1. Among S352, P23, A405, whose Cα sits farthest toward the positive end of the charge dipole of the chain (+1 at Cβ of Lys/Arg, -1 at Cβ of Asp/Glu, about the Cα centre)?
2. Which FRET efficiency value, to the nearest 0.05, do you get for Q22 and K293 by plugging their Cβ-Cβ distance into 1/(1 + (r/R0)^6) with R0 = 30 Å?
3. Which far-off residues, 5 or more places away or on another chain, put their amide H under 5 Å from the one on I141, with H placed in the peptide plane?
4. From Cα pairs below 8 angstrom and at least 6 apart in sequence, can you work out the relative contact order of the chain, rounded to a whole percent?
5. Using Cα atoms only, what is the angle between the long axis of helix 273-293 and the major principal axis of the chain, expressed in degrees (0 to 90) to the nearest 10?
6. Computing the accessible area with a 1.4 Å probe over protein heavy atoms, can you report the carbon and sulfur percentage for the chain?
7. For the range 278-337, with the dipole built from +1 on Lys and Arg beta-carbon atoms and -1 on Asp and Glu ones, taken about the Cα centre, which of L301, T322, A312 lies farthest toward the positive end?
8. Restrict the search to the range 215-297; then list the GluC sites (Glu not before Pro) that DSSP places in a loop and that have at most 14 other Cβ atoms within 10 Å of their Cβ.
Amino acid sequence: MALFERSEEIFDNENVLHDDYQPQSLEERDSEIEQFTGYLQPVINGAQPRNIFLYGKTGVGKTAATKYLLHHLEEDSEQYDDVTITTVYLNCEDLTSSYRVAVALVNKLRDPEEQISRTGYPLNAVYEMLWDKLDELGGTILIVLDEVDYIGDDDSILYQLPRARSNGKIENSRVGIIGISNDFKYREKLDPRVEDTLCERELHFPPYDATDLQNILSKRANHAFKGDVLDGDVVPLCAAFAAQDKGSARQALDLLLEAGDLARRESDPVVTENHVRDAKQLLEKQRIEESMKELTSHGHLTLLAVVASTVADPEAPLQKQTIYEQYQDLAKATDRDVLGGRAFHNHLAELSMLGILDRAKRNEGRAGGIYYEYEVDVPLEAALSTLENLHMSDELDLDSLRQNAQENGLL
Ligand SMILES: Nc1ncnc2c1ncn2[C@@H]1O[C@H](COP(=O)(O)OP(=O)(O)OP(=O)(O)O)[C@@H](O)[C@H]1O
């Protein structure tokens, strides 16, 4: 008997729900697409392209809209003999300096046999190679720098590229940059000269609400699933969960895919609301586990201290001192050096930044000053089961913690 057999009950084409699938149409983004199209219009007119900056939280369609419009722009430009467009897409996640971006651009533009190595050249030499290649290509060259904030402070490329023509580095081509970021503070951090050029035109993508997400999901679900395998409340529930959280289409699609996958794994003929709820728990647990990998054992103990303090007194608002006392006991119980207050505070801040804890600022009036209250911002079950899977759980009695949590109605 074969170990693997093709299963055909649930999905028609599950790839449609994957992140890298490029949808044929974009739902609920009419006004953004209209504005974006207007910004790209000079390209078709054979004029100097605008530099465009797109921003908005993760999963709200910035990349999808860019790829969708550039595809149409290239296609529609074919009717004009005097317009040639080259588009280059770069995700800057691993490109944390101008040097790296410049090398990546040279290599994207050059043929495979002419690639350059990622080290060993002076920056100016790489820039020269880049100008030569851009000039050789001619026409309009649109460069998408996704996650542009990863480039960091060493961002001379963002100054050089848009000015390459006016500074006489290139003659035959017109270069336009499309920068994309989900870091709202990025703009403020830019050198004013870079900001002026990079953000010549800007476009904000707001989070989706539940109705938007329902429409996006329904369209995809039609292609992804076999007819009649989705219970009526599955798509609305995925949309509602994602809207409550971040308003991200990616999150909603992930949830729908995972729910379908669960139904398939359990050999159920229909995807139901329960699959969605189980999928949500599973994804949350995976997300916490992923984030926890970045933490040290003191970070793990800090989370455990918050969980233990919550279980001990579920109603009490948690301040740093209470959690710190729990943490000290836990660190001693596992034979670790106890961190000082400041270092401990940094762990609380990091857990908040990762979205595992919620940190609320409180103001005690004139005398008391400002302080923070903390609570676990993910399902307690997900936090606890993640902690139970860590090595150090052998050194601690997490069974009784789980039992107490159950007795207090927290699980
Ligand atoms: N309006 C939409 N219609 C159809 N699919 C969409 C829409 N918006 C987003 N998606 C889909 O959601 C997923 C995430 O979108 P996208 O990658 O464009 O988000 P993003 O805003 O660029 O996020 P990030 O900043 O994390 O890269 C993709 O699979 C995309 O196809």
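The values are calculated or read from the model by the stated rules, or taken from the named source; none is laboratory data. The structure displayed is predicted, hence computed values, not measured ones. Cβ coordinates were reconstructed from backbone atoms using ideal geometry, including for glycine residues, and neighbour counts include every protein chain displayed. Please note that ligands, DNA and RNA were not included when accessible areas were found on the heavy atoms of the full protein model with its side chains. Shrake-Rupley method; radii C 1.70, N 1.55, O 1.52, S 1.80 Å.
1. The residue sitting most towards the positive pole is S352.
2. Calculated transfer efficiency: 0.50.
3. Long-range HN contacts for I141: T86, R174, V175, G176.
4. 17 percent
5. The helix 273-293 is inclined about 80 degrees to the chain.
6. Carbon with sulfur: 43 percent of the solvent-accessible area.
7. Checking the options against the dipole of the range 278-337, the answer is L301.
8. Sites meeting the loop and neighbour criteria: E266, E294.
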